[in-house]
Amino acid sequence: MAAAALGWRTAAGIFAARIRLVSWRQTLERQWYEGGLWADCLRPLGALYCATAAWRRAHAGRSPGVLPSIVVGNLNVGGTAKTPTSIALLRYLQQRSWQPAAVSRGYGAHPPEREPYAVAPDDTPSHAGDEPLLLRQAAPVYLSRRRRAGIAAAAAAGHDIVVLDDGFQHLDLLPSLSLLLLQGARPLGNGRCLPAGPLREGRSALGAADALLCDAAALASPIAAELAVPKFLLQTEVTRLVSLADPGPEIPLTRLQGARLHAVTGIARPQRLQRSLEALGAEVTLHAFPDHHVFRRQDLANIPGPLVMTSKDAVKCRHLAGLLEIWVLEIGVHWEPAFGTWLDEHLAAWRKPA
């Protein structure tokens, strides 16, 4: 009994520490965009981070992969719809008779075999990571921290083009196209690098992009206006609501109007799920876990159902489908026609003669 009590206290302590970490991280991230003491105190570290990142980019020995490659990335940490955009690109390429594959680092993944690792449709989050599992629903995915090795594996399997989810900072590869995503009226926050701000690199790295995909607020921002690179409108939208246990039939979105729901998520910006549900008329209680959190039944057992989560969270909860009532809010993207025209011009140049 004493050992059991000690175990429960240890588990409770770990959970409480995790919640405090999430709360502190959310406070810091809010200060990146709204200002605050913590962000100001960290400015020297942010300046060092920016300088190091700029040196790395300036001295990188880059070379292309064996296939045409499209990088989807951002400068800032946190969600900017990279994975939905990558999925949309993979499907767009398929519609134009390409045989695409995705190449990903696989954050949090522990492949059972040596990289490059081909993700199986029924793989586990511990093996493949959450984002690669989501990408695998659209096209084959290869995990590799060395992106050119992942591209070579895709070529050996018969693919003719690759999309790299979050590969802008991987400086060993010289991609065919680099697309950067910008969202919000302050897409770069306070303009500082980690940990004083949200940036992985200084804003000068924006010049390495071939095009910017921006939501309406970012497109109207001074940041976008001052850059002499092509800029296109990219919008996110709710595509459907389904049950995790039976994702075939859709749940009418009208079911959300006036409903009191508990939203559960482990994404970088959990408030986005809350805002999406509230825009559809729901009253939402948000339960935010750390980004990439792998859910266990005890995490969710005391939260009243139905629980609503994103597709990225849902791939980590397939083992709970028959145990809890879970709804999945699927989010997609669409871009303005001008981007399709711009992309088609590049694709035509890469197409090998029959």
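The values are calculated or read from the model by the stated rules, or taken from the named source; none is laboratory data. Source: prediction; values computed, not measured. Methodologically, a virtual Cβ is constructed for each residue, glycine included, from the backbone with ideal geometry; neighbour enumeration extends over all protein chains shown. Note: accessible area is taken over every heavy atom of the protein model, side chains too, but ligands, DNA and RNA are not part of it. Shrake-Rupley method; radii C 1.70, N 1.55, O 1.52, S 1.80 Å.
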Any idea what the relative contact order of segment 241-292 is, in percent, if you count C-alpha pairs under 8 Å spaced at least 6 apart?
37 percent
Mean separation of Cα pairs under 8 Å and 6+ residues apart, divided by the residue count of segment 137-279: what relative contact order is that in percent?
14 percent
Helix-derived mean residue ellipticity, 222 nm - over the chain, DSSP H n ≥ 4, -39500 (n - 2.57), to 500:
-10500 deg cm²/dmol
Would you mind checking which residues have amide H under 5 Å from Ala259's amide H? H placed 1.01 Å from N; only 5 or more apart, or other chain.
Glu283
Straight-line reach check, Lys316, cutoff 24 Å on alpha carbons, 8 or more apart in-chain or any other chain, hits among lysines -> Lys82
Within segment 68-115, trypsin sites (Lys or Arg not before Pro) in DSSP loop having at most 13 other beta-carbon neighbours inside 10 Å
Arg114
Compare Asn74, Asn190, Asn302 in a GNM of the chain, Cα atoms joined below 10 Å, and give the one with the largest fluctuation.
Asn302
With a 1.4 Å probe and every protein chain left in place, work out the accessible area per residue of the chain in Å², rounded to a whole number.
48 Å²
What does the extension gain come out to for Trp350 and Ala216, with contour length at 0.36 nm per residue minus their alpha carbon separation?
45.2 nm
7 Å from Cα along Cα→Cβ at both Thr254 and Glu113: what's the point-to-point distance in nm?
4.9 nm
